[in-house]
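Take a look at the structure set out below.
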Amino acid sequence: MKILVINGPNLNLLGKREPHIYGTKTLDDINKELKEFGEGKGIRLEFFQSNHEGEIIDKIQQADCNYSGIIINPGAYTHYSYAIRDAVASIGVPVVEVHLSNIFSREDFRHHSVISPVVKGQICGFGALGYKLAVFALIDILDGNDLGNEL
Ligand code: DQA
């Protein structure tokens, strides 16, 4: 099982970016920990970060046949990128949306995700743990326990 983890704009600054909101771990720290966590479960994780909408869209399109699932934190694009939403809706592999912070307890503009309607589910507010929870979710979905399909 191969999972692609996509992080969007400004998430390359984790560690020094508003640490009171996003924590003190760098993206490299988070990815290293996640890679080890995945390996312990026999899952290969690959990572991609970009500050550019088009690059994220290209990556999502390419991932369709090459990965079993995608974990995405689209950063601020979450709140307004119909193009990323359309890319997610266009592919067949399951996608889980992650946010480090609890977007619902922050500014109003963060309360709405245009991505959420087209993903399997959203995890937010648990910091870096959210990415691990997303791996658990994808394992379950890929095992066939897809709650979304039963509802
Ligand atoms: C974020 C939340 C977004 O509102 C923000 O623009 C980010 C990070 C999070 O992980 O909490 O860049 O996606």
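Please go through the range 67-86 and give me each residue that is open to solvent by 10 Å² or more (accessible area, probe 1.4 Å), hydrophobic (A, V, I, L, M, F, W, C) and away from the ligand (no atom under 12 Å from the Cβ), ordered by number.
Answer for the range 67-86, where residues must be open to solvent by 10 Å² or more (accessible area, probe 1.4 Å), hydrophobic (A, V, I, L, M, F, W, C) and away from the ligand (no atom under 12 Å from the Cβ): just Ala83.
If Glu55 satisfies every condition in (1) open to solvent by less than 20 Å² (accessible area, probe 1.4 Å); (2) more than 15 Å from the ligand (Cβ to nearest atom); (3) more than 13 Å from Ile3 (Cα to Cα) but one, which is the exception?
Glu55 satisfies every listed condition except (1).
Could you grab the pairs with beta carbons closer than 7 Å, sequence gap of 6+ or different chains, first residue in the range 103-115 and under 14 Å from Pro74 (Cβ atoms), second one within 8 Å of the ligand (Cβ to nearest atom) and in a loop (DSSP other than H, G, I, E, B)?
Pairs that qualify, where the first residue is under 14 Å from Pro74 (Cβ atoms) and the partner is within 8 Å of the ligand (Cβ to nearest atom) and in a loop (DSSP other than H, G, I, E, B), are Ile115/Pro74.
Considering only the range 1-44, state which residues are among the small types (Gly, Ala, Ser) and assigned to a helix (DSSP H, G or I).
Selection gives Gly38 alone.
Taking Phe126, is it at pLDDT 95 or above, not in a helix (DSSP H, G or I) and not aliphatic (A, V, I, L, M)?
Yes.
Residue under question is Ile43, and the condition is that it be within 16 Å of Leu4 (Cβ to Cβ), over 15 Å from the mean Cα position of the chain (by Cα) and open to solvent by less than 20 Å² (accessible area, probe 1.4 Å); does it hold?
yes
Out of the residues in the range 45-58 meeting the condition of being of a type in the set (S, T, N, Q) and in a loop (DSSP other than H, G, I, E, B), tell me which one is farthest from Gly69 (Cα to Cα).
Asn51
Regarding Ala63, is this residue open to solvent by 10 Å² or more (accessible area, probe 1.4 Å), over 23 Å from Asp29 (Cα atoms), modelled with pLDDT of 95 or more and more than 15 Å from the ligand (Cβ to nearest atom)?
no
Being more than 10 Å from the ligand (Cβ to nearest atom), crowded, with 18+ Cβ neighbours inside 10 Å and of a type in the set (D, E, K, R) is the filter here, so list the residues in the range 93-146 that pass it.
Lys120, Lys132
The values are calculated or read from the model by the stated rules, or taken from the named source; none is laboratory data. Here the structure is a predicted model, which means the values were calculated and not measured. Here Cβ is always computed from backbone atoms with ideal geometry, including for glycine, and neighbour counts include all displayed protein chains. The accessibility values were calculated without ligands, DNA or RNA, using every heavy atom of the protein model including side chains. Shrake-Rupley method; radii C 1.70, N 1.55, O 1.52, S 1.80 Å.
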